[in-house]
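Enquirer: Got a structure for you, written out below as structure tokens; questions coming shortly.
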Amino acid sequence: MQRRLALLTPLAAALVATGCASLSPAMGLSPAHWDAFNRAQIEGLIASLGKGSPGYNATRSPYVVFDWDNTSVFLDIEEASLIYQLENLAFGATPAQLEVALRKNIPKKDFLPAYNNAAGKPVNIDLVVPDIVASYTWLYQNSSTLKGSKPLAAVKLDPNYIAFTTKVRYLYEAIGDTFDHDTAYPWVTYLFVGMTEAQVRKLTADTVAWQLKEPVVKVKWISPAALPGQAGVVSVSWKNGLRLQPEMQELYAAFRNAGFDVWVCSASFVDVIKEISSNPAFGYNNPPDRVLAMELERDANGVIQPEFRRGYDQTQGPGKTKNIQRFLVTKYGYGPSFIAGDSEGDQNMMADFADTKKVLIVNRLRDPKTDIGKFSAMAVQNYGKPDTRYLLQGRDDNTGQWVASQLHTPLGATQGKALK
């Protein structure tokens, strides 16, 4: 991929340089790329419930909950971390451990027709995993990043590298589109098997530093015809160029400075979110112990195992509500005052708490048949009304920046729209 320096807005550059701006609640939020109505509504919420309000009680502080991927940042840190893992062969698994992780809870049925191979034939887990494991075994024995002695640059010239990286990324996409969220969401986290929290957090920090230098583009990988394996030649595309969101960095600080507790509830792996949300270099400064995210089992030495943590709910869909109820409502005695999210994985927590005054939806043109699509429509219908619960915030996917309206502009498009 072409490398270039990311172009940050002046606000973003300042926030990244300083960690996060120290914002007095009285100062309000910087206009930046906020929709003006949304900004005014959130400033009003802070004023009515924060430190400056008559009823504020520090022993019963209000709290807020943010989703992370495509809400607190542009794009998905879990997906970006997977690409970094693949490009740098940053894995802790043996070939045998990787095979267990790849197959974990995945049905043997064929993937959707959109994931047929180049010859038009269906692909399933039993066809693609042997190909991945065979290539990974060669890489494991040869790459200096694993157990071999060859430099990574030399290993990347071998078709096993291209086959491995492409087919793992393809498998992530195929599983996500073919199977339900309970099956698909934990799968990518299992690829951290054999690593420790410190290793995952370093990988995350390296991923962010790398992504900020990448262009915002759509990337396509194709597996090599010289090494078709059992699955055949496959291809996969995705959006690249994760960006930190300066308006969210500032909003986190505004809530904290006004006496709110700030929490993150994410469907990404917990160690990944702890790093990106708490590392001062990334501007959010959220304590790592205020993260609810996907959890895996670990051995006595803290090494990650390819098994979801027993007794825990997945932090996606209804599981987000369950985790907030279990860990936050029981702690505070009431629900969150404010929630921010972008997808179907957030729609339950957006609707389930009577104490929630405002919900910020980062507009990604969600399906109008889904709850979040309906919430987005309500935000458009009730725009300008002070009692509205749902606020829709626009974004331009060509730049990774918010826009000062409700409109979303998809990557490659020149015009934005409010609803799908």
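Quick note: the coordinates plus some simple rules give every number you see, no bench work behind them. Keep in mind that what you see is a predicted model, and the values were worked out from it rather than measured. Quick reminder, even Gly has a Cβ in these numbers, built from the backbone with ideal geometry, and neighbours come from all protein chains shown.
Enquirer: Principal axes first, then extents: for the Cα atoms of the chain, list largest minus smallest coordinate on each axis, whole Å, largest first.
Expert: Projected onto the principal axes, the Cα atoms of the chain cover 68, 50, 40 Å.
Enquirer: Just want to confirm a number: the relative contact order over the stretch 77-240, from Cα pairs under 8 angstrom separated by 6+ residues, in percent. Intermediate values should be presented prior to the final figure.
Expert: On the way: 225 pairs, mean separation 52.8, N = 164.
Computed value for the stretch 77-240: 32 percent relative contact order.
Enquirer: At 0.36 nm per residue, and after removing the present C-alpha to C-alpha distance, how many nm does the segment from ALA413 to THR145 gain when stretched out fully?
Expert: 92.5 nm
Enquirer: Could you work out [θ]222 nm for the chain from helices alone, using -39500 (n - 2.57) per DSSP H run of at least four and dividing by all its residues? Round to the nearest 500 deg cm²/dmol.
Expert: The helix contribution divided over the chain gives -11000 deg cm²/dmol.
Enquirer: Using Cα pairs closer than 8 Å and at least 6 residues apart in sequence, work out the relative contact order for the chain, in percent.
Expert: 22
Enquirer: List the trypsin sites (Lys or Arg not before Pro) in the stretch 299-396 that DSSP assigns to loop (not H, G, I, E or B) and whose Cβ has at most 10 other Cβ atoms within 10 Å. Which are they?
Expert: For trypsin sites (Lys or Arg not before Pro) across the stretch 299-396 that sit outside H, G, I, E and B with at most 10 neighbouring Cβ atoms in 10 Å, the list reads ARG310, LYS369.
Enquirer: On to the next question. Compute a Gaussian network model of the chain, connecting alpha carbons closer than 10 Å, and tell me which residue from ALA254, ALA226, ALA134 fluctuates the most.
Expert: Top of the fluctuation ranking is ALA226.
Enquirer: What's the Cα-based Rg to Rh of the stretch 77-240, Rh via Kirkwood? Intermediate values should be presented prior to the final figure.
Expert: Working: Rg = 15.0 Å, Rh = 16.1 Å.
On the Cα set of the stretch 77-240, Rg over Rh gives 0.93.
Enquirer: Please list 3J(HN,Hα) in residue order for the stretch 334-351, calculated via the Karplus relation 6.51 cos²θ - 1.76 cosθ + 1.60 where θ = phi - 60°; whole Hz, with x for glycine and proline.
Expert: These are the phi-based 3J(HN,Hα) values: 7, x, x, 7, 8, 9, 10, x, 9, 9, 4, x, 10, 5, 5, 5, 5, 10 Hz.
Enquirer: Evaluate the relative contact order of the stretch 371-420 (contact order divided by residue number), counting alpha-carbon pairs under 8 angstrom at least 6 apart; express in whole percent.
Expert: Numbers: 70 pairs, mean separation 13.4, N = 50.
The normalised contact order for the stretch 371-420 reaches 27 percent.
Enquirer: Here's something else I'd like to know. Full-extension gain between VAL303 and SER235, please, as 0.36 nm times their residue separation minus the C-alpha to C-alpha distance. Kindly include the intermediate steps, with their values, before the conclusion.
Expert: Details: separation 68, 0.36 × 68 = 24.48 nm, distance 3.23 nm.
Between VAL303 and SER235, full extension yields an extra 21.2 nm.
Enquirer: Here's another thing I want to ask about it. On a 0 to 90 degree scale, rounded to 10, what angle separates helix 371-381 from the longest Cα axis of the chain?
Expert: Tilt of helix 371-381: around 40 degrees.
Enquirer: Hey, another quick one. Taking only the Cα atoms of the stretch 264-348, how large is their convex hull per residue, in Å³? Could the numbers behind the result be given before it?
Expert: Numbers: hull volume 10.2 nm³, N = 85.
Once divided by residue count, the hull of the stretch 264-348 is 120 Å³.
Enquirer: State the Cα centre-to-centre distance between the stretch 73-96 and the stretch 236-290 in whole Å.
Expert: 19
Enquirer: Once you've got the Cα coordinates, tell me which of LYS218/LYS358; LYS369/LYS417; LYS358/LYS385; LYS167/LYS417; LYS108/LYS167 are over 24 Å apart.
Expert: Going by Cα-Cα distance, LYS218/LYS358; LYS167/LYS417 fall outside the 24 Å limit.
Enquirer: Oh, and also: Once both labels are modelled 7 Å past Cα along the beta-carbon direction, what's the ASP387-LYS51 spacing in nm?
Expert: Taking the two extended label points, one gets 3.2 nm.
Enquirer: Further, regarding this structure: Counting only DSSP beta bridges with both residues in the chain, what percent are antiparallel, rounded to the nearest 5?
Expert: Roughly 40 percent of the beta bridges in the chain run antiparallel, per DSSP.
Enquirer: Hey, another quick one. Using the basic label-point model (7 angstrom from Cα toward the beta carbon), what is the THR94 to THR196 distance in nanometres?
Expert: 2.0
Enquirer: To continue, here is another question. Put a dot 7 Å past each Cα toward the Cβ at THR59 and LYS218; how far apart are the dots in nm?
Expert: Rounded to a tenth, the inter-label distance reads 5.7 nm.
Enquirer: Something else about it: Which of THR166, THR145, THR315 moves the most in a Gaussian network model of the chain with Cα springs under 10 Å?
Expert: THR145
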